[in-house]
Each structure stands twice: as structure tokens, then as C-alpha cells.
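Readers should treat all values here as calculations from the given coordinates under stated rules, not as data from a laboratory. Keep in mind the model is a prediction, meaning the values are calculated, not measured. A quick note on method: Cβ atoms are made from the backbone with ideal geometry, for glycine too, and the neighbour counts reach across all protein chains shown.
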Amino acid sequence: MLIVMKADATEAQIAHVCDVITELGFKPHAMPGATRTAIGVTGNQGAVDPTRFENLPGVADAIRVSKPYKLISLDLRPEKTIVRVGDATIGGDELAIIAGPCAIESHAQAFAVAETVRRSGARFFRGGAFKPRTSPYAFQGLGEEGLKILAEVREAYGLKIVTEALDENSVDLVERYGDMIQIGARNMQNFSLLRRVGRSTLPVLLKRGLSATLDEWLLAAEYIMSEGNYQVVLCERGVRTFAQHTRNTLDLASIPAVRRISHLPVIVDPSHGTGKNYMVIPLACAGVAVGADGLIVEVHDQPEKALSDGAQALTLEQYDQLIQEVRPIHEVVAPQPVA
Ligand code: PEP
Ligand code: MN
């Protein structure tokens, strides 16, 4: 059920509709928009009777939702969501750049990369402290020590910290040291973890699962939003296919496909999407060209010595090159302000 309020509905009328929804044992999700507020209803098992709402003061329409998702949908919020990470944004006019190493390996490594990231004008720094590795014997990340280094990067450079939480315990730690919680591809359908970050006050970067369909990915975002956290950014990072020339197949068609259904911002990860250093810049350009709201990209000061994902890491020089190439593309792709 979706309740669309009249353009001139008052705060009190919106609050009253929310109270009625709560009294019925359901959960209201009020989404203020540019022209009107819509209120999504979740927690109902079967259909909700629209006549219960149609005559409440300030209500324009009560609509049954037949699709599996409600809160991620353009029906609820016709204009794009701008996710706020402190004073930085994802989904606004500016192309969001999230850059940094795959894993935080040392203070020196993190600072060497952060210096370049800051100089490029990017607002976000990435780096894993908890790494989901295929082998249990591979480097698993520095844990809390890595988060402390990230917090120092934030302090020194003013960059917003985006870092992965692998499980519910690590969410607590990421909340303490970071600015945005990354949910990795392998955890996209870890439903208890999704619900946990749905109760966080930090925004969430939700990567697409290794073999997730568009619907599965959007429903994972729906899990987070259904708990009340509406600050979700989707990230296309490639899916597993028969192709052997890349680590994953970066599905750039998912960007316009998401746009058609959802108001959530969507960014591209050309690093995991290709797995190959020489493909990262061209696919970053392509991602921006198809309308991504931003990029998340792996950069290392010494890729040959990286403890994880060295083959796809950009050098500091290559990263500068990427920024020079993507910015003009974004200029021509971004919708021009109406004169
Ligand atoms: C990462 O960003 O380092 C990572 C592990 O990504 P993904 O979950 O997309 O594989
Ligand atoms: Mn990585």
C-alpha cells in the first residue's frame, strides 16, 4: 500500500496517517518529495483495504502495490534520492568518487593513497578492514586496527570513510569509525545483516551479489529500507558469467535498468567489475557515460605488493588519469540545469 498525500497536506495530517498505519499494526515510511509526501506501508501480510485511508484528511490517493518492492520504487518517490554522507553527497549533481585500496594494510599505505585521493577532489576514501576472502588462509584485513587507520585518514584529509562490515559484530565497529557501511557482494542476501544495517544511522553502500538478478538486488535494498534506513546507494560490481577475459562481467545495462524502477543512487565498481588494471579506466568512463552517480575504484601506491586485489589496483598516476578522463564525461552526461 502506498498513500499519496495532497501537495498541501500538513505535517499534522501526515503524522495522523502514520498513526493510523501504526495502530493497524503496520509500519509507516513517510517519504517527503519535491511536490508531495508519499507514505509506504510495510509489515502487512495480505492486502490492506485502501478505503481505510482514502477519506483521511490530506490524503490524495491510496494505491495497492502489486510489485514485490515498495520503498525503493519511483512510485513512492518520483525524484532521485540524494544520499548524504556528512557534508558529501551521492546522487546529486556531483559525480561521487570513492577511491582507496582494496584493504587497509598499513598506516603508510593508507596515507600514501589518501593523499592522492584528497588532491583529486574526491570526497570518499575506501579500504577494507574486514576482507571477505575466498581462501581462509588469505589476508583477512587488519580488523579494528584498520578501522583506526581509516579514522586517522578521515581526521587528516576530511575524506568520508566507506568500509565493509562482514557481519553484525563488525557493523558495530564500522559505526564507531566509519561514515558509510559497505555490504559486499557475498553478503547481499545476508538478510539478518541487511536488517541490522537497516537500523543503523549510517548510509549503506549495497553491492550487487555475484549472481544476483536486478530484482534480488533491489529487494536486498528493500530489506534495509524496510527497517527505516532510507540512505542506500546501489553498486554494480559485475556478475559471474562464462566470460574468462574478465574477473566478472560488469553489467552496465543495470544502471538504466535501476533508474527505471528506483529513486536510489547507483554507482559503478570498475575494479571488481573487470579484475584487470588495464580495463578499469575504460569501464569507469563507460559507467559514467551510462549515467552512474559515482564510481568506487581501487588504488594502491604499490599494486605489485598489494595483499589483496593487486591485479586490478590502479597506481596513483593511473588514478589521476581516471579522474581526468571521467570528469568531462560526467559534464556532458549530467542533466543540465533548467535555464
Ligand atoms: C571490495 O570492495 O573490496 C569487495 C570485496 O567487493 P565485492 O564485495 O564487490 O567483491
Ligand atoms: Mn577488492
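Below are the figures for this structure:
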| quantity | calculated |
| --- | --- |
| Along each principal axis, Cα extent of the range 211-329, largest first, Å | 42, 33, 25 |
| 0 to 90° range, to nearest 10: angle between helix 11-23 axis and the chain longest Cα axis | 90 |
| Table column - 3J(HN,Hα) (Hz), the range 66-80, Karplus curve with 6.51, -1.76, 1.60, x for Gly and Pro | 8, 7, x, 10, 10, 6, 7, 7, 5, 4, 6, 9, x, 9, 5 |
| Label-to-label distance, nm, for residues given as E227 and E155 (7 Å Cα→Cβ offset) | 2.9 |
| Two-site label geometry, R240 and T22: point separation in nm, points 7 Å out along Cα→Cβ | 4.4 |
| Cα-based equivalent ellipsoid of the range 1-75: semi-axis lengths in Å, sorted from largest, via gyration tensor | 17, 14, 11 |
| In degrees, nearest ten, helix 214-226 long axis to first principal axis of the chain (Cα) | 70 |
| Beta bridges per DSSP with both ends in the range 83-333, % antiparallel, nearest 5 | 15 |
| Net dipole in debye of the chain [+1 Lys, Arg Cβ; -1 Asp, Glu Cβ; about Cα centre; nearest 20] | 540 |
| Charge tally in the Cβ shell below 14 Å around A311, where Lys, Arg are +1 and Asp, Glu are -1, A311 excluded | 0 |
| Alpha carbon convex hull of the range 83-333, volume per residue in cubic angstrom | 113 |
| Ordering of 192-198, 93-99, 78-84 by burial proxy (mean other Cβ atoms within 10 Å per residue, highest first) | 93-99, 192-198, 78-84 |
| Inter-label distance for N44 and E11, nm, one decimal - labels placed 7 Å from Cα along Cα-to-Cβ | 2.7 |
